[in-house]
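Input: a single structure, listed below in structure tokens.
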Amino acid sequence: MSASLVRATVRAVSKRKLQPTRAALTLTPSAVNKIKQLLKDKPEHVGVKVGVRTRGCNGLSYTLEYTKTKGDSDEEVVQDELWNLVV
């Protein structure tokens, strides 16, 4: 039996840099102020949930609800110290 020589080239690969994703929701400064004003009247709530439901002429409509906690499938968006959840 003859011994065969096997060579392999291994190349060091740097870790891929993760790009931050864009927020699912961006609020205008006026919207942030309005939501903060509305939340002052509801101290037990910590933010708002934005979602989409099947309704209306085109079949979809946006919903906006006060929330006390974050659900498992909610995406958290924080803007100007305001906590929003996208469902």
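The residue that is surrounded by the most Cβ atoms within 10 Å (Cβ to Cβ), counting only those in the stretch 46-65 that are assigned to a loop (DSSP other than H, G, I, E, B) and in contact with a strand residue (DSSP E or B) (Cβ under 7 Å, 6 or more places away or on another chain), is VAL46. Within the stretch 1-45, the set of residues being loosely packed, with under 10 Cβ neighbours inside 10 Å, modelled with pLDDT of 85 or more and in a loop (DSSP other than H, G, I, E, B) comprises THR28, ASP41, PRO43, GLU44.
Of all the residues in the stretch 66-81, those that are outside any strand (DSSP E or B) and among the polar types (S, T, N, Q) number 2.
Restricting attention to the stretch 67-76, the residues that are closer than 19 Å to GLN37 by Cβ and surrounded by 15 or more Cβ atoms within 10 Å (Cβ to Cβ) add up to 1.
The values are calculated or read from the model by the stated rules, or taken from the named source; none is laboratory data. Just so it is clear, the model here is predicted, and its values are computed rather than measured. Note that we place each Cβ from the backbone using ideal geometry, even for glycine, and neighbour counts take in every protein chain shown.
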